[in-house]
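Every number here is computed from the coordinates shown, using simple stated rules; none is lab data. The model shown is predicted, which means the values in this text are computed figures rather than measured ones. No Cβ is skipped: glycine too gets one built from the backbone with ideal geometry, and neighbour counts run over all protein chains shown.
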Amino acid sequence: MSWTIEGTYFENCNCDFACPCSVTSFASPATQDRCQVILNYHIDRGEIDGVDVSGHSVSVVADAPGKMMDGNWRVGLIIDDKASKEQTDKLAGVFSGQMGGPMASLAPLIGEVLGIEQHPIEYHDNGHRHQVKVGHDISVEVEDYTAEGLPGPTQLVNVFHPSNTTLTIARPTESRIKAFGMEFHNSGKSAFSAPYRWSA
């Protein structure tokens with residue numbers, strides 16, 4: 001069987017502006033001792049092994065060493081509570097990397113899976129502003145960075161990242177993350193956004 005999903009994504013971590021991990025395709029360490037990050041995905045269209053997963057959202061919460069290639073990441077997965085058990089199982093397979101695709105390249109770096117949970121997820125994307133709310137404990141909003149006088153947002157091109165090889169640099173205007181026993185406040189730190197299209 002095969003699968004394809006596509007939609008929009010954004011992330012927010014505790015690095016200072018423009019996370020060096022992403023800028024250098026994981027070659028440089030984070031600006032803090034630990035990388036504390038949330039990656040949020042909305043699926044506009046998707047089918048996994050014949051199961052339609054369009055319209056669903058997934059958030060990946062992780063705590064990793066400053067040099068992310070050292071491994072031993074602690075990762076938890078949140079899937080929106082509107083997904084059925086079958087949809088949840090398929091989405092968990094894709095976003096954990098067990099079913100191949102871009103997330104499979106990160107799977108060897110994960111040292112501890114903190115769990116898979118379902119919560120209400122509100123995901124909004126108007127093209128330049130991206131927002132997610134997960135239950136009462138997660139609220140993140142980021143805005144793509146556009147320099148004055150330029151026609152479009154500032155981007156990183158030709159980077160190694162599971163979401164896309166081109167990432168738009170963003171700035172988080174709100175960030176409150178509490179999940180899997182971890183708590184981060186990353187307002188004013190680093191953020192990126194991009195469309196994505198995965199298949200395997």
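Calculate the FRET efficiency for Glu117 and Thr4 from the Cβ-Cβ distance with a Förster distance of 25 Å, rounded to the nearest 0.05.
My answer for the efficiency is 0.50.
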Quiz item: Under a point spin-label approximation (7 Å from Cα along Cα-to-Cβ), what is the His124-Ala27 distance to one decimal in nm?
Solution: 3.9
Self-check item: Separation in nanometres of the label points that stand 7 Å from Cα toward Cβ, at Phe17 and Asp81
Solution: 3.9
Quiz prompt | Global geometry of segment 3-195, whether rounded, prolate or oblate, following the gyration tensor of its Cα atoms and the 1.5 cut on a/c | solution = rounded
Quiz prompt | Per-residue Cβ neighbour rank within 10 angstrom, fewest leading, His56, His185 | solution = His185, His56
Practice problem: Estimate the FRET efficiency between Arg34 and Asp137 by the formula 1/(1 + (r/R0)^6), using the beta-carbon distance for r and 22 Å for R0, to the nearest 0.05. | Solution: 0.70
Quiz item: Quick one: which of 108-121, 165-178, 145-158 comes out on top by average Cβ neighbours within 10 Å, and what's the full order, highest first?
Solution: 165-178, 108-121, 145-158
Exercise. Would you calculate, for the chain, the mean residue ellipticity at 222 nm contributed by helices, counting each DSSP H stretch of 4 or more residues as -39,500 (n - 2.57) and dividing by all residues, to the nearest 500?
Key: -2000 deg cm²/dmol
Quiz item: What residues of segment 181-198 lie in the reach of a label at Ala92, counting those whose backbone N is under 20 Å from a point 7 Å from the Cα along Cα→Cβ?
Solution: 181-182
Self-check item: Formal net charge of residues neighbouring Gly101 (Cβ-Cβ distance under 15 Å; K, R +1; D, E -1)
Solution: -1
Self-check item: For the chain: relative contact order, % (alpha-carbon pairs under 8 angstrom, 6 or more apart)
Solution: 24
Quiz prompt | Cysteines without a disulfide-compatible neighbour (Cβ-Cβ under 4.7 Å), the chain | solution = Cys13, Cys21, Cys35
Quiz item: Hey, got the dipole for the chain? About the Cα centre, +1 on K and R Cβ, -1 on D and E Cβ, debye to the nearest 20?
Solution: 280
Practice problem: May I ask for the net charge around Ile48, where only other residues with Cβ less than 11 Å from the Cβ of Ile48 are counted and Lys, Arg are +1 while Asp, Glu are -1? | Solution: -4
Self-check item: Convex hull volume per residue for segment 130-200, taking Cα atoms only, in Å³
Solution: 126
Exercise. Tell me the label-point distance for the pair Met69, Arg45, using the 7 Å Cα-to-Cβ offset, in nm and rounded to one decimal.
Key: 3.7
Practice problem: Kindly state, to the nearest 0.05, the FRET efficiency for Ser199 paired with Ala107, given R0 = 25 Å and r defined as their beta-carbon distance. | Solution: 0.90
Quiz prompt | Taking Asp49, Asp80, Asp33 and counting other C-beta atoms within 10 Å, the order from fewest to most | solution = Asp33, Asp49, Asp80
Quiz item: How much net charge surrounds Gly135 when only the other residues with a Cβ under 10 Å from the Cβ of Gly135 are counted, with Lys and Arg +1 and Asp and Glu -1?
Solution: -2
